Each structure stands twice: as structure tokens, then as C-alpha cells.
Amino acid sequence: MMPDYLAEALLQYGMPDAQAELIRHNENMTFRVDGRYLLRIHKHAEGFFTASLYEGLNRAEIYRRELEFLTFLSANGMPVQKPCTDREGRFVTILSDGTAATLLTWLPGRIPEKDAVDSELCFQMGELTGRLHKLACLSPKIPVLKYDSDLCCRLKRKLEQRKEEGAWDAACARNMGDALDYIAEKLREAENDMILTHSDLSLSNILITDNGLVPIDFSLFGYCHPMMDLSSLFCSLSGLESRRAAAAGYVSAGGNICLGMIDCCFALNILLGILMHCGRWPGEEWFPARLKRWCREVFEPLAGGEALFSDDFYLLHVK
């Protein structure tokens, strides 16, 4: 039986009899609707937390700004999903329980499979990132999420709270907190370099289509240093040659590499993953050993002022 909020959203978009298939559920629920649309119900999965990102912000307004940004990208030649309005002509529909819903066009394509990603595809993903950033620099300033020093402070409060609740031990909390302090300082220093970034540019948010690569799911987009997106790619790619190819593609599209900020944003991406999934990951078997490894290879060296990547993108502290 279709959940009430899904039926209500489809009705609001004038498709009461449409067939909706759940695709995934993290920061929102995404449904493929009649093979033509992507419907997003902005309800978080259980154990998934984004309150630190949105503190003091109107979420519905952020969702509307995302769709404005997609419209801007499309108008400037980047193939992206197009926003659709509801029966009242609104880009964001508010359901009866206060939940927001948004609708985008469906793009046919496939997500890259990690084991099948070669250097050529990595180069293309880096190039895509560079083109996205070039357009982002032309976008008017808009009030959206900020991945900045203030966010680092909020994330640190969250990790202390979860430490008290038993999610991780004091040593891991200290390593993560020290890393967040270091990242916050560097982001303050780089404040003038911030641009609109995708902020979640993993393999699962890049679509391979007949017309090339397309970035999808901008739901966490916001202002950060440009290396936020390149380091997000680094987090989801396997191997040195993949990182080198992605960086080369980024430079070929006019992007500039800043190794120090790659270090910071690489660690920030991992910390965001931990803290947004902190209601689920700590209870999974793989997590304690992985967290200790992240502390040893990423958070502790970074907080100590050590580089994480060499100038040829070798990860320095991986044993």
C-alpha cells in the first residue's frame, strides 16, 4: 500500500494514479515516477542526521534554492535534471505533515560501478567537476548551506553528544574533534575562495548517459572550498591512478588544485559521513575498526599539521 505522504505528493503534482518505485532513502526518499520523473520526499532515513547542516535555516527555502541553481546550470549549458512545479506552480510542495516534496525530470542513464571505473572515466569526472565549478563561480550569491568553520563547531558538538551516548570512545572523539578544529581554521583562512559546490559528488551522484556525464542529487549543495567536490571524488575512487586522472581532468577544465585544502576537505567528507550516519554506522560490525583506521590515517595526522596527500596524490599515511 502506498504511504499517505507519497500519495499526497503525487496528487499535488497532478499524478494521482502514477506508479512510484523507491530508489533510495538517505537524506530524502527518492522515487522513480512512471519512468519520467524523480520525486523526492524530504524525509530522512532513520539514523540519518542533517540537523547540524541546517541549523538556523529554512529547509524548504534551501530546497527551492537548489532547484534555482539547477535551472541556472541548465540555462548555461550543463545537462542536469530539470525542476517541475506542482499544481499551484510551486517548486517546493509542503505536505500536510509539514514535509517538503520536490519533483525533477528523470534522466536515463546508469551510475558508475566502482570496480569498473577506469582512468578515462575518472578524467571525465574531474573534467565535469571543473566545468561545474566554472559555472558556479558565475552564479549569483544565494542563501544556502555553508560548509564552513561554524559548521565544524556544530559537528564537534554532535560528536561529543554521540560520544556520551557510547557511539565511540574518548580517543576517537578527540581525534575527530582535533581534526574539525584544524579544518575550521583552514576554512576560515580560505573563506574568500568559497563557491557553490555539489558537496556530495560521489560515484552514486554521477550519471553516465548517452550524452556524457551528468551530476545529480544536489540536495546537499552549498558553499565550500572548490576542493570539497574533488576530495569527495577521491573518497569514492579506488587507487592512486584514479585520483591522478580525476585531478588531471579537473585541471583540464580550468580548475586549480590546492593540496592543503584537498587534505582538509577529504577529512571533512569522511567526518560528514560519520556524523550524518551516526545513528546507524556505530552499530554496524565494520565501523569500530574503520573509525580507528580513519583516526590513524586521516584525522590524527591532519590535526598534527601533516599532509595527507603528496603532490602526486599518494595517500601518505595508509599502511
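A few comments on the model shown:
- With 24 Å as the limit on Cα-Cα distance, the pairs of K82/K114; K163/K292; K114/K158; K43/K141 that go past it are K82/K114; K114/K158; K43/K141.
- Averaged over its residues, region 211-319 has an accessible area of 37 Å² per residue, based on protein heavy atoms and a 1.4 Å probe.
- Springs between Cα atoms under 10 Å define the GNM used for the chain, and in it the highest mean-square fluctuation of Q124, Q12, Q81 occurs at Q12.
- From helices alone, the chain scores -13500 deg cm²/dmol at 222 nm; the rule is -39500 (n - 2.57) for each run of n ≥ 4 DSSP H residues, then divide by the residue total.
- Full extension of the chain between E160 and E113 yields a length gain of 13.4 nm, computed as 0.36 nm times the residue separation minus the alpha carbon distance.
- Top of A116, A246, A289 by mean-square fluctuation, Gaussian network on the chain, Cα under 10 Å: A116
- Magnitude of the charge dipole for the chain, about its Cα centre and with charges confined to Cβ atoms of Lys, Arg (+1) and Asp, Glu (-1), is about 200 debye.
- Rounded to the nearest 10 degrees, the inclination of helix 240-252 to the longest alpha-carbon principal axis of the chain is 70 degrees.
- Size-normalised alpha-carbon gyration radius of region 173-294, reference 2.2 N^0.38 Å: 1.11
- Inter-label distance for R59 and D311, nm, one decimal - labels placed 7 Å from Cα along Cα-to-Cβ: 4.6
- Here the contact order of the chain, divided by its residue count and restricted to Cα pairs under 8 Å and six or more residues apart, works out to 19 percent.
- Residue (of M176, C152, G126) at the positive-pole extreme of the chain, dipole from beta-carbon charges: C152
- Taking label positions 7 Å along the Cα-Cβ direction at both C235 and E120, the computed distance is 2.9 nm, reported to one decimal.
The values are calculated or read from the model by the stated rules, or taken from the named source; none is laboratory data. The shown structure was predicted, so the numbers you read here are calculated from the model rather than taken from an experiment. No Cβ is skipped: glycine too gets one built from the backbone with ideal geometry, and neighbour counts run over all protein chains shown. Accessible surface areas use protein heavy atoms only, side chains included; no ligands, DNA or RNA. Shrake-Rupley method; radii C 1.70, N 1.55, O 1.52, S 1.80 Å.
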